[in-house]
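The values are calculated or read from the model by the stated rules, or taken from the named source; none is laboratory data. Treat the numbers as computed from the prediction; the structure is a model and nothing was measured. Here Cβ is always computed from backbone atoms with ideal geometry, including for glycine, and neighbour counts include all displayed protein chains.
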Amino acid sequence: MQSGLGPAAVARILDDLRRIVRVLRESSRASERALGVTGAQLFALKTIAQSPGVSLSELANRTRTHQSTVSVVVKRLIAARLVSRVTSTSDGRRVELAATAKGRALLAKAPLAAQERLIEGIEQLPRKHGELLATSLHRLVVAMQLDEEAPVMFFEDDTVPASRGSRRRARVPERSRRA
């Protein structure tokens, strides 16, 4: 199906997507080299540190990700002893997350996560433009047949839980031509 967009508009879109992806990738690599955590882990850790006692679902909400996706990242932060998980004293069903002393020390030397810049940029868009961007990106995802894929955090492991006891690997479509 041919779109109404000309080659110049398509090129502009691709260039802008490349810029965003490059910054996210470079930020994640720099974070891994300097701090030993991915950009996604750094983003989650910063969010937890800003809201001690945050629940997993609240963290997913604040990082604009799905709970199953952020859960994978949190497990890694807990394993690295950067985050602690405790049962709430006021509600025994609630699990609360907090940055450990080691996690706070890591954050003291951490740069701004690229995901934070991306979210801030999106939130600064006028409402009409933000809604148009959301609709257009979703249409692009559907057109690429990616709407059933797990939306993992940027440059984090591509394996996320699909349901209890199973794992779903994010499908990477075959490249028919370079974009």
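How do the pairs read when you match residues in region 26-40 that are closer than 13 Å to F154 by Cα with residues anywhere that are acidic (D, E) and in a helix (DSSP H, G or I), using Cβ under 7 Å and keeping only pairs 6 or more apart or on different chains?
What qualifies is T38/E32.
Assess whether V10 counts as being surrounded by 14 or more Cβ atoms within 10 Å (Cβ to Cβ) and in a helix (DSSP H, G or I). Talk me through it step by step, then tell me what you get.
On the way: surrounded by 14 or more Cβ atoms within 10 Å (Cβ to Cβ): no; in a helix (DSSP H, G or I): yes.
When the stated conditions are applied, V10 does not pass them.
Residues checked against (1) in a helix (DSSP H, G or I); (2) of a type in the set (S, T, Y); (3) surrounded by fewer than 18 Cβ atoms within 10 Å (Cβ to Cβ):
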{"site": "L5", "(1), (2), (3)": "no, no, yes"}
{"site": "R18", "(1), (2), (3)": "yes, no, yes"}
{"site": "S28", "(1), (2), (3)": "yes, yes, no"}
{"site": "A40", "(1), (2), (3)": "yes, no, no"}
{"site": "A60", "(1), (2), (3)": "yes, no, no"}
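Looking only at region 84-96, decide whether some residue is farther than 15 Å from L42 by Cβ, at pLDDT 95 or above and of a type in the set (G, A, S).
Yes; the residues of region 84-96 include at least one that is farther than 15 Å from L42 by Cβ, at pLDDT 95 or above and of a type in the set (G, A, S).
Residues to consider are L133, L106; find the one that is within 19 Å of the chain's Cα centre (by Cα), modelled with pLDDT of 90 or more and either surrounded by 11 or more Cβ atoms within 10 Å (Cβ to Cβ) or in a helix (DSSP H, G or I) (or both).
Being within 19 Å of the chain's Cα centre (by Cα), modelled with pLDDT of 90 or more and either surrounded by 11 or more Cβ atoms within 10 Å (Cβ to Cβ) or in a helix (DSSP H, G or I) (or both) holds for just one of L133, L106, which is L133.
Does T47 fit the bill of being touching a residue at least 12 places away in the same chain (Cβ under 8 Å), under 30 Å from V10 (Cα atoms) and buried (at least 20 other Cβ atoms within 10 Å of the Cβ)? Let's see the steps before the verdict.
Working: touching a residue at least 12 places away in the same chain (Cβ under 8 Å): yes; under 30 Å from V10 (Cα atoms): no; buried (at least 20 other Cβ atoms within 10 Å of the Cβ): yes.
Answer is no for this residue.
Please state which of the following conditions P52 fails to meet, knowing it meets all the rest: (1) touching a residue at least 40 places away in the same chain (Cβ under 8 Å); (2) part of a helix (DSSP H, G or I).
(2)
Is there a residue being farther than 26 Å from R29 by Cβ, modelled with pLDDT of 80 or more and either surrounded by fewer than 15 Cβ atoms within 10 Å (Cβ to Cβ) or within 20 Å of the chain's Cα centre (by Cα) (or both) anywhere in region 152-174?
No: zero hits.
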